[in-house]
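A.B. asks: Sending over a structure as structure tokens; questions will come in a sec.
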Amino acid sequence: AALFCKPVLDGNVLNQHDTIGWKGMAQNSFEYKERTGHFPLWNPNLFSGMPNYQVAMEGKTVLPDMVKIFGLGLPKPMNFFFMASLCFYILCMVFKVNPLVGMISALAYAYSTYNPGLIAAGHETQMMATAFAPLLIAGLISIYEKNYWLGLALATLGANIQIGVNHLQVTYYVFIIILFISAGYLIKWIKEKDWRHIGIVAPLVAVSAIIGVAANSLILKTTSEYAKYTMRGGKNVSIEGDTVKNVNTTGLDKSYAFEYSLSKPEVTTLLMPGGMGGDSKQKLSEESAVSKKLIKKGINEASAQELSANMPKYWGGLPYTAGPAYLGVIICIIGLLGFVLVKSHLRWSLLTATVLGVLLSWGKNFAGFNYFFFDNVPLYNKFRAPSFAQFIPQFCVGVIAALSLQKLIFEEKSREFINANLKKILYAAGGLFALLGLMYLSMGYSSSIDKEIIEGYTDPQTKSSDIGRLIVSGLKTERRELFGIGILRTLGFALLVIGCLWAYAKNKLSRTVVSIMLLVMSTLEITVVSKKYLSEDAYVSPDEYVSSNFAPNAIENEILQDKDPNFRVLNLVGTPSGGTFSESRTSYFFKSVGGYHPAKLRIYQDIIELYLSSRPNPQVLNMLNTRYIIVPDQQNNRPAIIKNPDVYGNCWLVSKVIFAEDQAAMLNQLGRINLKDTAILLKSDAAAIGQPTRDSSSSVKMMKFDNDVIEYEANCNGPQFAVFSEIYYPKGWNAYVDGKLTPYYNTNYILRGLQLPSGKHTIRFVFEPESVSKGKKMMFLASILTAIAFLGGLFMHFWKASKKNS
């Protein structure tokens with residue numbers, strides 16, 4: 001890990017896109033914690049306000065920071081690789097394989113190219129979930145193998161950490177793997193009629209799972225509650241152009257959920273890292289087949305070479321990729337032999353899970369299966385990016401490779417076993433290369449980008465697409481060559497692996513020498529490839545990190561001169577990291593109308609789609625208290641500020657309340673009326689709401705803003721209806737008028753409204769969700785149970801072992 005992440009030792013830090021985005025999201029929370037000593041529950045700087053649950057939150061636990069402990073306190077990203085290696089090695093030891101075999105498999109698992117790609121992008125929670133998955137499964141395997149006390153200790157702690165790192169999609173895939181492994185064991189126990197063991201396993205696994213889940217109840221309860229109101233919880237309205245209609249869906253939209261789907265040939269990247277062109281940043285050389293074809297057509301050589309150097313190498317199905325999910329060719333070859341030769345109840349479990357992982361990763365490119373899975377398997381429709389399912393083969397192939405190496409090298413009579421199965425080994429390898437050869441000969445080498453290239457290079461006057469088609473033809477030639485080189489590379493390593501096994505079987509090499517050779521070859525090969533996806537270019541000095549990402553520019557400094565913090569900013573220019581609704585730099589400094597978060601509130605997304613995405617609606621901007629708008633200057637193409645003089649402020653009284661039949665009608669009316677004078681509510685609230693008294697002398701104003709508590713003062717000459725420029729979220733926000741709990745209403749689709757009686761009143765909105773208070777209590781209690789289960793399990797394990805030895 002130290003060698004792989006050497007720039008860290010020189011004091012440098014990673015410049016990760018997603019981590020920078022998270023810092024923008026979380027800056028307000030850390031400033032709040034610095035003032036108060038704890039994180040807020042509400043984040044006002046993202047999308048005009050949203051729960052802070054998925055940004056920065058902390059509970060109470062008796063456990064130490066397990067990430068620091070398992071990572072030895074190493075700096076990022078060294079700790080990630082060390083943790084992944086350590087946890088997979090623990091799993092290998094549970095399987096009782098030789099330590100050298102454990103090293104080979106653990107290092108391959110940790111340095112699989114998908115992991116450096118995750119880290120370089122800043123997907124740190126996904127990397128941690130990947131790192132700790134083997135620890136949880138090691139505990140379950142220990143229980144299944146009748147090592148009950150050790151299993152209870154590891155499974156309970158593993159479940160606690162695995163869920164606690166908070167990447168629930170990886171946890172979902174871990175659960176799928178556990179289901180298949182458990183099914184394999186259960187079939188074995190039933191065949192053996194080992195009913196007593198089944199009776200012990202069931203409660204132990206249940207106890208570990210319950211404690212692990214309860215220890216993360218704060219995360220799970222708040223996430224479950226919040227998800228129902230986000231894009232992942234479905235939608236009640238559908239927006240097509242300017243048309244709004246009622247719908248009732250659950251989960252993400254399929255088009256969004258399946259955007260990151262692998263093409264079918266990309267399964268080959270598990271053992272051929274360059275077969276699909278690598279990552280999205282890689283370009284063709286100036287001397288590629290594209291430039292040669294263009295020059296032959298009569299295009300200027302310099303122009304042809306420049307055009308060629310801008311053509312992408314990657315030709316898979318993803319809109320963008322940081323790199324392939326390459327497992328290591330040696331591990332894949334050994335894993336293939338394991339699927340053929342290892343006669344274990346785990347063989348079919350791991351093979352089935354691997355195939356399922358591949359099918360899931362194809363997403364929309366294997367639509368019939370995946371749409372059925374999405375629509376019918378519980379909770380699966382909450383997740384996006386099917387390509388993440390590559391984690392399943394990454395894990396399963398690593399396990400079967402460890403079992404395979406143990407069988408082939410370290411079991412008794414392993415030489416005899418290889419000699420007896422040499423034909424099977426050759427047939428398995430031959431079958432693999434026959435399949436790769438068939439793919440090489442039969443594929444068309446097309447890519448989803450080809451259509452865009454042809455359209456982009458079509459002459460608008462003559463409508464001729466000859467140049468575009470010539471470019472695509474050259475690209476297909478290059479792709480064919482990349483795939484062919486990948487096959488030859490794989491063949492070379494396959495011959496090395498089979499040669500080592502043959503030399504061992506013929507007693508020309510000892511098992512120690514063979515295993516060390518495989519360890520060195522496998523580790524060098526995969527780390528050299530993986531280093532491309534976490535190169536030294538990914539690191540910068542701490543000063544450069546801050547100055548390039550978070551130092552305020554001239555525009556931001558100008559807005560910061562406004563000492564009233566309670567206004568919002570709309571950045572229509574965006575930042576290098578993304579557009580208005582996919583960047584969080586603005587949120588670092590201000591309460592932003594935009595922002596970035598993978599699970600924004602559904603009602604806010606509807607407003608974005610209908611009123612903010614193309615030409616922002618002035619009425620909507622005014623009700624959102626958008627005081628400053630950052631726009632591109634048409635003359636010099638630099639950002640400029642527009643100060644909006646028409647904002648309604650933090651709160652205002654309306655002259656009239658109208659009622660919409662349903663949410664679709666409410667959303668539709670929003671852009672058609674003067675929202676300063678009129679509030680829109682749902683018809684279902686009509687019975688509780690009276691019309692306000694028109695009175696210009698009545699007023700309402702904000703007195704205090706503190707994230708989770710907002711205070712106002714109102715003077716009402718007659719009944720009034722107040723609209724508050726705060727986002728409506730019913731699960732936790734309570735309104736108190738003069739200290740009395742008072743109902744408030746969903747107003748103007750995304751805001752809050754409150755009916756006020758005549759007189760002078762104090763109003764407090766307090767964010768006090770029960771899911772947080774209950775979750776914290778359960779979390780603290782379960783952390784005590786985790787500590788008891790872990791320490792008690794280890795004590796009993798070693799006590800029994802010492803007793804047995806004596």
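The values are calculated or read from the model by the stated rules, or taken from the named source; none is laboratory data. No experiment lies behind these values; they were computed from the predicted model shown. Here the Cβ is made from the backbone with ideal geometry for all residues, glycine too, and neighbour counts use every protein chain on show. Note: accessible area is taken over every heavy atom of the protein model, side chains too, but ligands, DNA and RNA are not part of it. Shrake-Rupley method; radii C 1.70, N 1.55, O 1.52, S 1.80 Å.
A.B. asks: Could you give me the residue pairs with C-beta distances under 7 Å whose first residue belongs to segment 216-241 and is closer than 21 Å to residue 767 by Cβ, whose second residue is part of a strand (DSSP E or B) and aliphatic (A, V, I, L, M) wherever it lies, and which are 6+ apart or on separate chains?
C.D. replies: 229/601; 230/601
A.B. asks: Which residues, taken from segment 234-255, are in a helix (DSSP H, G or I) and closer than 25 Å to residue 671 by Cβ? Can you show your working first?
C.D. replies: The first filter runs over segment 234-255 and keeps only residues in a helix (DSSP H, G or I), leaving 254-255.
Hit for segment 234-255 is 255, nothing else.
A.B. asks: Taking segment 49-65, which residues are open to solvent by 40 Å² or more (accessible area, probe 1.4 Å), more than 11 Å from residue 25 (Cα to Cα), in contact with a Ser or Thr (Cβ under 9 Å, 6 or more places away or on another chain) and not aliphatic (A, V, I, L, M)?
C.D. replies: In the first step, residues of segment 49-65 are kept if they are open to solvent by 40 Å² or more (accessible area, probe 1.4 Å); the result is 54, 57-58, 60-62, 64-65.
Then keep just the ones that are more than 11 Å from residue 25 (Cα to Cα); that gives 57-58, 60-62, 64-65.
With in contact with a Ser or Thr (Cβ under 9 Å, 6 or more places away or on another chain) added as a condition, the list becomes 57, 60-62.
Passing the criteria: 60, 61.
A.B. asks: Please report, ordered by residue number, the strands (runs of 3 or more DSSP E) entirely within segment 711-806 with at least 1 residues that are under 32 Å from the mean Cα position of the chain (by Cα).
C.D. replies: Numbers: elements: 720-727, 733-737, 740-742, 745-747, 751-756, 759-767.
In segment 711-806, the matching strands (runs of 3 or more DSSP E) lie at 720-727, 733-737, 745-747, 751-756, 759-767.
A.B. asks: Give me the pairs, please: first residue somewhere in segment 734-751 and touching a residue at least 24 places away in the same chain (Cβ under 8 Å) and charged (D, E, K, R), second residue anywhere and assigned to a strand (DSSP E or B) and open to solvent by less than 30 Å² (accessible area, probe 1.4 Å), beta-carbon distance under 8 Å, and either six or more positions apart or on two chains.
C.D. replies: Qualifying pairs under 8 Å: 738/761.
Condition check ((1) outside any loop (DSSP other than H, G, I, E, B); (2) at pLDDT below 95) across all residues:
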| position | (1), (2) |
| --- | --- |
| 18 | yes, yes |
| 47 | no, no |
| 76 | no, yes |
| 87 | yes, no |
| 93 | yes, no |
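A.B. asks: Residue by residue through segment 294-318, note down the ones that are under 18 Å from residue 482 (Cα atoms), outside any loop (DSSP other than H, G, I, E, B) and not hydroxyl-bearing (Ser, Thr, Tyr).
C.D. replies: The one that is under 18 Å from residue 482 (Cα atoms), outside any loop (DSSP other than H, G, I, E, B) and not hydroxyl-bearing (Ser, Thr, Tyr): 312.
A.B. asks: Among the listed residues 39, 47, 81, identify the single one that is in contact (Cβ under 8 Å) with a residue 40 or more places away in the chain and either more than 30 Å from residue 330 (Cα to Cα) or more than 25 Å from the chain's Cα centre (by Cα) (or both).
C.D. replies: Numbers: 39 fails: in contact (Cβ under 8 Å) with a residue 40 or more places away in the chain; 81 fails: either more than 30 Å from residue 330 (Cα to Cα) or more than 25 Å from the chain's Cα centre (by Cα) (or both).
After ruling out the rest, the residue left standing is 47.
A.B. asks: Another question, if that's okay. Out of all the residues in segment 614-632, is one or more in contact (Cβ under 8 Å) with a residue 40 or more places away in the chain, open to solvent by less than 10 Å² (accessible area, probe 1.4 Å), on the phi < 0 side of the Ramachandran plot and of a type in the set (Phe, Trp, Tyr)?
C.D. replies: No - not one qualifying residue is present in segment 614-632.
A.B. asks: Restricting to segment 372-409, give me the number of residues that are assigned to a helix (DSSP H, G or I) and either within 22 Å of residue 255 (Cβ to Cβ) or open to solvent by 40 Å² or more (accessible area, probe 1.4 Å) (or both). Spell out the reasoning first.
C.D. replies: Pass one, segment 372-409, residues assigned to a helix (DSSP H, G or I): 372-376, 380-382, 386-409.
Okay, now just the ones that are also either within 22 Å of residue 255 (Cβ to Cβ) or open to solvent by 40 Å² or more (accessible area, probe 1.4 Å) (or both), so 372-376, 380-382, 386-390, 407.
Selection size over segment 372-409: 14.
A.B. asks: Just one of 611, 588, 596 is in a loop (DSSP other than H, G, I, E, B), open to solvent by 10 Å² or more (accessible area, probe 1.4 Å), on the phi < 0 side of the Ramachandran plot and in contact (Cβ under 8 Å) with a residue 24 or more places away in the chain; which is it?
C.D. replies: Values: 611 fails: in a loop (DSSP other than H, G, I, E, B); 588 fails: in a loop (DSSP other than H, G, I, E, B).
Answer to the selection: 596.
A.B. asks: Among the residues of segment 30-48, are any open to solvent by 20 Å² or more (accessible area, probe 1.4 Å), of a type in the set (Ser, Thr, Tyr) and under 30 Å from residue 566 (Cβ atoms)?
C.D. replies: Going through segment 30-48, the residues open to solvent by 20 Å² or more (accessible area, probe 1.4 Å) turn out to be 30-31, 33-39, 41.
Checking which are of a type in the set (Ser, Thr, Tyr) leaves us with 36.
The next check asks that each one be under 30 Å from residue 566 (Cβ atoms); those that pass are 36.
Scanning segment 30-48 turns up at least one residue that is open to solvent by 20 Å² or more (accessible area, probe 1.4 Å), of a type in the set (Ser, Thr, Tyr) and under 30 Å from residue 566 (Cβ atoms).
A.B. asks: May I pose another question? Among 448, 465, 473, which is surrounded by fewer than 18 Cβ atoms within 10 Å (Cβ to Cβ), in contact with a Gly (Cβ under 7 Å, 6 or more places away or on another chain) and not aromatic (Phe, Trp, Tyr)? Spell out the reasoning first.
C.D. replies: Values: 465 fails: in contact with a Gly (Cβ under 7 Å, 6 or more places away or on another chain); 473 fails: in contact with a Gly (Cβ under 7 Å, 6 or more places away or on another chain).
Every option except 448 fails the conditions.
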